[in-house]
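The values are calculated or read from the model by the stated rules, or taken from the named source; none is laboratory data. Computed from a predicted structure; not experimentally measured. Cβ sites come from the backbone with ideal geometry, for glycine too, and all protein chains shown count toward neighbours.
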Amino acid sequence: MRIPTPENSAEPEKDAKGKPVAKKGKGPSTDEIRPTFGSVWVDFSSLKSPGATKMTQRVKIETMAPVERREEEGEVIWEDELEFEDLFEPQDTYIYFTIDLSHPVVPKAGPAEPKPDEIVPVKNLVRWPFSKVSTDDFQKQIAIAIKSLTREYYSSFKQKMSEDAL
């Protein structure tokens, strides 16, 4: 009968407390790994065009500062660590994703509405030629008014004027 060696054993190794021991390999052990969070800025402007339902982007990931929880005087305070290692920036890590919507954010435009001149015919208005200088126009209006007043005065006092002339 053969006694199993630790390399050939079917059961994983256990430490003094009876917990399985992690196998040594590349990279840090699972106890040393801390969660790392990243953020990305997504541009949704391509979905603003009428009828657009699909968007594909490749966005660079930025490392976020780890957050630490502290309790002071019964209050929970979450505080960003000031110094942290940039994980995503040195490797130029990107996320490539596609968003496919069932309905567009901005629907396609329907039939064009009629313009007002298509509903109501345009009236042809008579346009009087304007003088180039406003003072000329004013002088013409005054001359017309004076002639009109002179005729009216003459027609009103025609008899009296003929009697005074004799």
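Consider Pro114 carefully, then state whether it is free of Cβ contacts under 8 Å to residues at least 24 places away in the same chain and closer than 25 Å to Trp41 by Cα. When the stated conditions are applied, Pro114 does not pass them. Checked against the criterion of being at pLDDT 90 or above, surrounded by 10 or more Cβ atoms within 10 Å (Cβ to Cβ) and of a type in the set (A, V, I, L, M, F, W, C), the stretch 125-141 contains not a single residue that satisfies it.
Looking at the stretch 45-64 only, could you name the residues that are assigned to a loop (DSSP other than H, G, I, E, B) and within 18 Å of Pro35 (Cα to Cα)? Matches in the stretch 45-64: Ile61, Met64.
Counting the residues of the stretch 52-75 that are farther than 23 Å from Leu87 by Cα and either at pLDDT below 90 or of a type in the set (Ser, Thr, Tyr) (or both) gives 8. Of the residues making up the stretch 65-94, those that are among the aromatic types (Phe, Trp, Tyr) and either over 22 Å from Ser39 (Cα atoms) or in a strand (DSSP E or B) (or both) number 2.
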